[in-house]
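Notes follow the structure.
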Amino acid sequence: MSDLFDDPTPGQNTPEFTVSELSGEVKRTLEGTFGRIRVRGEVGRVFTARSGHLYYDVKDDRSVLACTTWKGQVSKLAVVPEEGLEVIVTGRLTAFGAQSKYNMNVEEVSVAGQGALMALLEKRKKQLESEGLFAAERKQPLPYLPRFIGVVTSPSGAVIRDILHRLRDRFPRKVLVWPVAVQGKNCAAEVANAINGFNAFTPGGALPRPDLIIVARGGGSVEDLWGFNEEIVARAVAASQIPLISAVGHETDTTLIDFVSDQRAPTPTAAAELAVPVRLELLAWTGEQGARMTHATGQSVQQRKQRLKDLSRALPKPERLLDEPRQKLDILSDKLPNALIRGVQNRRVLLSQTSAGLRPKTLENHVARRRSEMEKTAAKLSLLPLKREVSSQMDKLKSLSQRLRQAQGIRWDRLRQNLDSSSRQLEILSYRATLQRGYAVVRSEGQLITNTLDAQAAVALEIEFSDGKVQFGGGAD
């Protein structure tokens, strides 16, 4: 600094400074005089630059102190400054010569008193509640019996031992532990990363995705539990697709995560009880339900048996259902032979009538007559083309006549075959063919006798054999 006083301007005793020299002197004076200091005040305007640096004001009722926390320092803050929050900031006072301003580079931020913490908590709570993060309709039901349970807690505390012990007593399940810091400046970030990490697991992957998450910590002061009041943790819980139980602190402790989680447990041990049922109670209940189902099934079958019996009484006997169809069959059997004979006779008559118009003699006469007429007509025509045409037509007529005679013969043979087939079928279906095999037909006064009772009651019987009939009774010899 002595160099600044050399070579003074003639006529003046006060040395000259450049602007940069003066700014540097002020900066060194501030940093050398104050060093590391702590300042208490209320957070005013807060601004986060694109670079990640944090700029904010700390003020009281008369003055404002500009504060800066560089990007690399923001992640280490235990409390992120929020407007209206009363805090104690720790850092170094420095000057920014380019604008003739001084500010404080803040390395640590703490809340000034428990009342300020409660005010901040209430402010965050209202904000998240207004966004619907506490709504009951967005909470997921807990799985009844999860296969894998993820636990977010400290791996060295008594909490994880209590949870594992309680799970082993009630219903042993596989547990995945994600170790985190449960207090301090790293608590919120690690807990949020753990929740997001469990949700990022692939279902059915090599590392199984939990069906349920438990976030647990033992009791402590408001400051100790403050990491679970951070907004980053609350939003991670709200975004979790896996149902989550919060078990932070004792029954009287309440943190922000309790309002966002799907289920709050008063203690870590209670969280384990909410996660799984008691195995022995479940086995007893299953056995009871099985017994009830067996009893109900047996009773239902018995009721249906009785109902079936009641319905069967209203149904006629099977043998009675066949009486009327049997009688109809007997009547139709008697009518069938005569009907077949009449049918064959009618077809013979029809065949005779049809074939009368197709006799070869008649056809030949008709052709001869037509030929004679054509010859007479041709004799009257002397034109050569006409003769040729007539000759051609006569050839066609001869060809058609020959084809007609062939078709007539084929049709006649077919009709004869059909008649023979019908005759053979009639003989097969006729009851007389049955008589040839040693059977007989018994009648009484023209009615067919089919049983011994009717035969005994008949006055006279007529028995028909293949070669004739024999009379019995009724004055017959």
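A few notes on this one:
- The relative contact order of the range 237-362 comes to 13 percent, based on Cα pairs under 8 Å that sit 6 or more residues apart.
- Links that overshoot a 27 Å alpha carbon limit, given the list 126/185; 101/123; 101/126; 71/126; 71/123; 139/185: 101/123; 101/126; 71/126; 139/185
- Full extension of the chain between residue 365 and residue 126 gives 73.8 nm of extra length, using 0.36 nm per residue less the Cα-Cα distance.
- Angle in degrees between helix 19-34 and the longest Cα principal axis of the chain, rounded to the nearest 10: 90 degrees
- Segment residue 71-residue 168, length gained on full extension (0.36 nm per residue, minus Cα span): 30.3 nm
- The loop-placed trypsin sites (Lys or Arg not before Pro) in the range 31-66, going by DSSP, that have at most 10 neighbouring Cβ atoms within 10 Å of their Cβ come out as 50, 62.
- Among the listed values [x] 70.0, 216; [y] 59.1, 189; [z] 22.9, 86, the one matching Rg and Dmax of the Cα atoms in Å as calculated from this structure is [y].
- Modelled spin labels at residue 389 and residue 181, positioned 7 Å past Cα toward Cβ, are 12.4 nm from each other.
- Value of [θ]222 nm, deg cm²/dmol, for the chain, DSSP H segments ≥ 4, -39500 (n - 2.57) each, nearest 500: -16500 deg cm²/dmol
- Sequence-separation-based contact order of the chain, relative, with Cα cut under 8 Å and 6+ spacing, percent: 8 percent
- Full-stretch length increase - residue 98, residue 417 - with 0.36 nm per residue and alpha-carbon distance subtracted: 101.8 nm
- For the range 33-173, convex hull volume per residue from C-alpha positions, Å³: 204 Å³
- Mean sequence separation of contacting Cα pairs (under 8 Å, at least six apart), scaled by the length of the range 140-280, corresponds to a relative contact order of 31 percent.
- Each of 228, 96, 198 has some number of other Cβ atoms within 10 Å of its Cβ, and from fewest to most they run 96, 198, 228.
- Rounded FRET efficiency, nearest 0.05, which uses the C-beta distance separating residue 470 from residue 436 and R0 of 22 Å: 0.85
- Estimated dipole of the chain in Debye, rounded to 20 [Cβ of Lys and Arg +1, of Asp and Glu -1, Cα centre]: 5460 debye
- If R0 is taken as 45 Å, the Cβ-Cβ distance between residue 372 and residue 424 corresponds to a FRET efficiency of 0.50.
- Positive-end residue of 51, 259, 136, charge dipole of the chain with Cβ unit charges: 136
- Within straight-line cross-link reach of residue 376, aspartates and glutamates at Cα separation under 17 Å, skipping those fewer than 8 residues along the same chain: 389, 395
- Helix 114-130 axis versus longest C-alpha principal axis of the chain: approximately 30°, rounded to the nearest ten.
- Degrees between helix 158-170 axis and first principal axis of the chain (Cα, 0 to 90, nearest 10): 20 degrees
- Residue 196-residue 306 FRET efficiency (beta carbon distance; Förster radius 60 Å; 0.05 resolution): 0.45
- Selection from 79, 64, 104, by position along the positive dipole direction of the range 15-112 (Cβ): 79
- Between the exposed loop cleavage positions of the chain, defined as GluC sites (Glu not before Pro) in a non-H, G, I, E, B DSSP state with at most 16 neighbouring beta-carbon atoms within 10 angstrom, the longest gap is 252-444.
Bear in mind that the values in this text are calculations on the coordinates, not laboratory data. Computed from a prediction, not measured in an experiment: that's the story for all the values here. Neighbour counts run over all protein chains shown; Cβ positions are idealised from the backbone, glycine included.
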